[in-house]
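The values are calculated or read from the model by the stated rules, or taken from the named source; none is laboratory data. These numbers come from a predicted model, not from an experiment. All Cβ positions, glycine included, derive from the backbone under ideal geometry; neighbour counts span all protein chains shown. Remember, those area values only see protein heavy atoms, side chains included, never the ligands or the DNA or RNA. Shrake-Rupley method; radii C 1.70, N 1.55, O 1.52, S 1.80 Å.
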Amino acid sequence: MPRRREYLTIMKVCEELDITRDTFYKWRNKKTAPRCTKLPNGDLRVDRDDFDEWLESRKEAA
């Protein structure tokens, strides 16, 4: 059975990154935040796989 996709709330994303909602929305305005899905009620969700890929792409060489 295929696994079910996990969608994170913006609050959960902010908790994982230890940032404020304000910071998240500043990143979103700059188009540097992880991709979001807008729900019919206007809420945003971030696909866990997209979030993990986005986070991995931010790594820098030491």
*So how much accessible area does Trp27 have, in Å² to the nearest 10, using a 1.4 Å probe?*
70
*Where does each of Arg45, Arg5, Arg21, Arg28 land when they are ordered by accessible area, with a 1.4 Å probe and the largest first?*
Arg5, Arg21, Arg28, Arg45
_Here are labelled values, (i) 54; (ii) 40; (iii) 62, and one is the computed percent of Cα pairs over 15 Å apart for what I pasted. Which one?_
(i)
*So, counting K/R as plus one and D/E as minus one, what does the shell of residues with Cβ under 11 Å around Tyr7 add up to?*
0
*Sticking with the crude label model, points 7 Å out along Cα→Cβ, report the distance from Arg28 to Leu55 in nm, one decimal please.*
1.9
